[in-house]
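The block underneath contains the structure these notes are about, expressed in structure tokens.
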Amino acid sequence: MSTHKFNFRSEKILGDLKQGKRPDERKLDEYRKIQVLTNISQNADGSARVKLGETDVFCGIKFGVAPPFPDSPAEGTISVMAELLALASPDFEAGPPNEDSVELARVVDRAIREGKCIDFKTLSITEGELCWVVFVDLYIMNHDGNLFDASSIAALAALKEARFPKLEGKMIVKGEYTKKLKLDSNPLLSTFGKAGATVFLDPSLEEEKAMTARLSIGVTEDDVCAMQKGGSGSFSADEVNSAIDMAFKNSKVIRKML
């Protein structure tokens, strides 16, 4: 019986979306309420918690040291991980990362990396020998749709608070810091759903279950830096261009919050 109720609800939402109506009466280009808290972990080198509607994401930043990659001896790097905690959704299970968590981490990583958020040369300690690795760890606390944007906002907010630990030789001194991490740009993801001919920003979980396609667009202040499509549906060139314009507009508002 619960399955029939679920199908009926999804069909109702799909029908409404095709008419440009949303379950929570938002406009098609409107985000849910965004709340950002920073410096919430004493043990992280930078941290943030973001609520996007009822979606809840925690991000912690930790600096590590390692030999640089052979093809970039004068650069450090970043490493993004996303964990879909079982407490966040009945659909999530404990265990190794699945394809959804891997995709989420890669899309957030791509926006940061291709958006030139961090100059990797500033992460070099000793060329060819030692560099900083910035670990960006995302933990999904509650899933109510659009994990991409919530995670992107949390990652950027945490990076903006991140501080380099003090280094003695090749050892990190716990609890002591030198300077803040410098960011050269502020990339953010904007995710759109599509149902019929209707394209809408920030799909909730109910809308995700009803929509046929998803498009996440990463933008800096000036450029598009990442894109990721999901679902069996498609977006026209005009729809993509309109979504890009919307992404620039909305990300500008979110940056002011950070």
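A few notes on this one:
- Computed from backbone phi, the HN-Hα couplings of the range 55-63 come to 6, 10, 10, 10, 10, x, 10, 10, 8 Hz, rounded to whole numbers (Karplus: 6.51 cos²θ - 1.76 cosθ + 1.60, θ = phi - 60°; Gly and Pro given as x).
- Filter on K121/K194; K12/K51; K33/K116 - keep pairs with C-alpha separation over 31 Å: K121/K194
- In terms of packing, defined here as the mean over residues of other Cβ atoms within 10 angstrom, the peptides 142-154, 22-34 line up highest first as 142-154, 22-34.
- Sequence of I112, I125 once ranked by neighbouring C-beta atoms within 10 Å, starting from the fewest: I125, I112
- Highest average first, the peptides 244-256, 42-54 ordered by how many other beta carbon atoms sit within 10 Å of their residues are 42-54, 244-256.
- Exceeding the 31 Å Cα-Cα cut-off - candidates K229/K249; K182/K209; K166/K252: K182/K209; K166/K252
- Set the Cα radius of gyration of the chain against 2.2 N^0.38 Å, with N its number of residues, and you get 1.07.
- Relative contact order for the chain: 21 percent, from Cα pairs under 8 Å spaced at least 6 residues apart, divided by residue count.
No value in this document is a laboratory result; all are computed from the given coordinates. The structure presented is a predicted model; accordingly, all values stated were derived computationally and were not measured. Neighbour counts run over all protein chains shown; Cβ positions are idealised from the backbone, glycine included.
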